[in-house]
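J.: Provided herewith is a single structure, encoded as structure tokens, for subsequent inquiry.
The values are calculated or read from the model by the stated rules, or taken from the named source; none is laboratory data. Because the structure is predicted, anything quoted here is derived from the model rather than measured. Note that each Cβ is placed from the backbone with ideal geometry, even for glycine, and that neighbours are counted across all protein chains shown.
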Amino acid sequence: MIDLDQIRSETPATSRLAYLHNAGAALMPAPVVAAMKQHIDLESEIGGYAAADREADRLEAVYGAAARLLNAAPDEIALVENATVAWQMAFYALPFRKGDRILTAEAEYAANYVAFLQVAKRTGATIDVVPSDASGELDVEALDRMIDERVKLIAITWVPTNGGLVNPAAAIGKIARAHNIPYLLDACQAVGQMAVDVEAIGCDMLSATGRKFLRGPRGTGFLYVRRAMLQRLEPPMIDHFAAPWVSRDTYELRDDARRFETWENNYAARLGLGAAVDYALQIGIGPIEQRCRLLAGRLRSGLAGVRAVTIRDLGRTPGAIVSFTVEGHDAEDIVRSAAEAGITIGASDPASTRIDAEMRSLPNVVRASPHYYNIEAEVDRLIEHIAGLARR
């Protein structure tokens, strides 16, 4: 049972805002903010090196917390600056040659797709987009039919940025495992709002951020790399932390996922990330997911009843990102008017998921993303606000 009173008391902004922008950057709970402030204070008192030494055990515990969140092992976790860095370190560690194929989804995120394009330009590899099924999810049967000996990577965004679609990550994992193809999963919008079990999913690599549904600080992220996959990957960039300089002409890559890290880090932010993971685990990912889906379902249902509103979400069981348009109103104008009413939401540009947007002729869409700390009245405020706009 989620103690909403306690959680909202530890999220002071909820007293003045209906904050429904968690797919962008969620509100950090008080323990996360305190963890970072305390470490910054410590650094100001004894210096950054001494502060890191004093907090070494707590810093080390962040790996264990992230591993528990994913059902992984601590040595399979790398802590990095953000989810993009996490994804890039995994992707650019893979070797590609002319004729190799990368399989991805129609709703793939722009940051990932431009990386595919760069590697294709450099190496002669090709990018093949797996079609969606009638629900809008990646068609796993089509994926299976597209497999051949030239496929060197399956890379999928689990929950795309532009709506509630939840791609069938575990079904994709079964196909990847059956054909022994590396599987990179972008879980940026999934971690923190739903259960993430890398063993059940079957992914080899997974990237995540702290700032979204996990409610951690900006500038934090982590990468999971399956232990069996580690020895197949040499990071695209290394330093003497990732690969100690063991003799004049020799370095040795670390044998854990920290080969994807560098020596210098923002330790205050790392402790904030650890506090955010602990906070989510203490509440329970199961109850969090249940409440996220409840609130998102309430929002979709309410908006669907408003004339001139079109819900843009896809998938059989959409998650906690609700995308929509209002006839006659630009998405950015809706976001601004909501802010004036004390409601924080966001928008998604078609360029962020260009293939999906072009196939569906999507304009800029409004993106509202409730989280477990929201209350039903806040969701209803947004529905009423949109209904008022639609009547104009």
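J.: From the set of residues in the range 375-387 that are of a type in the set (A, V, I, L, M, F, W, C) and assigned to a helix (DSSP H, G or I), which is farthest from residue 303 (Cα to Cα)?
T.: Here the residue is 377.
J.: Then there is this: Looking at (1) touching a residue at least 40 places away in the same chain (Cβ under 8 Å); (2) over 22 Å from the mean Cα position of the chain (by Cα); (3) not assigned by TED's automatic domain parsing to the domain that holds residue 163, find the lone condition where residue 321 falls short.
T.: It fails just one condition, (2).
J.: Could you check residue 75 against (1) of a type in the set (Asp, Glu); (2) touching an Asp or Glu at 6+ places or on another chain (Cβ under 8 Å); (3) crowded, with 18+ Cβ neighbours inside 10 Å and say which number it fails?
T.: (3)
J.: Output the qualifying pairs, or none if there are none: Cβ atoms under 7 angstrom, residues six or more apart or on different chains, first residue in the range 236-248 and of a type in the set (A, V, I, L, M, F, W, C), second residue in a strand (DSSP E or B).
T.: From the range 236-248, the pairs are 243/251; 245/251.
J.: Tell me which of these residue 81 doesn't satisfy, since it passes every other one: (1) touching a Gly at 6+ places or on another chain (Cβ under 8 Å); (2) among the acidic types (Asp, Glu); (3) more than 17 Å from residue 188 (Cα to Cα).
T.: Residue 81 satisfies every listed condition except (3).
J.: Still on this model: Does residue 217 satisfy the criteria of being modelled with pLDDT of 95 or more, in a loop (DSSP other than H, G, I, E, B) and within 28 Å of residue 107 (Cα to Cα)?
T.: yes
J.: Being under 18 Å from residue 354 (Cα atoms) and either in contact with an Asp or Glu (Cβ under 7 Å, 6 or more places away or on another chain) or not assigned by TED's automatic domain parsing to the domain that holds residue 347 (or both) narrows it down to one of 173, 210, 136, 124, so name that one.
T.: None of the other options fit; the residue is 136.
J.: Which one of these is outside the structural domain of residue 368 (by TED's automatic domain parsing), hydrophobic (A, V, I, L, M, F, W, C), within 13 Å of the chain's Cα centre (by Cα) and not in a strand (DSSP E or B): 188, 203?
T.: Of 188, 203, the one residue that is outside the structural domain of residue 368 (by TED's automatic domain parsing), hydrophobic (A, V, I, L, M, F, W, C), within 13 Å of the chain's Cα centre (by Cα) and not in a strand (DSSP E or B) is 188.
J.: Only one of these conditions is not met by residue 14: (1) surrounded by fewer than 21 Cβ atoms within 10 Å (Cβ to Cβ); (2) assigned by TED's automatic domain parsing to the domain that holds residue 161; (3) among the hydroxyl-bearing types (Ser, Thr, Tyr). Which number is it?
T.: Of everything listed in (1) surrounded by fewer than 21 Cβ atoms within 10 Å (Cβ to Cβ); (2) assigned by TED's automatic domain parsing to the domain that holds residue 161; (3) among the hydroxyl-bearing types (Ser, Thr, Tyr), residue 14 misses just condition (2).
J.: Looking only at residues that are within 14 Å of residue 366 (Cα to Cα) and surrounded by 17 or more Cβ atoms within 10 Å (Cβ to Cβ) in the range 298-314, which one is nearest to the chain's Cα centre (by Cα)?
T.: Only one residue fits best here, namely 313.
J.: Kindly provide the set of residues from the range 74-120 that are farther than 21 Å from residue 352 by Cβ and touching a Phe, Trp or Tyr at 6+ places or on another chain (Cβ under 9 Å), ordered by number.
T.: Across the range 74-120, the qualifying residues are 74, 75, 76, 77, 78, 79, 80, 89, 93.
J.: Continuing with the same structure: Pick from 65, 155, 111: which is in a helix (DSSP H, G or I) and touching a residue at least 60 places away in the same chain (Cβ under 8 Å)?
T.: 65
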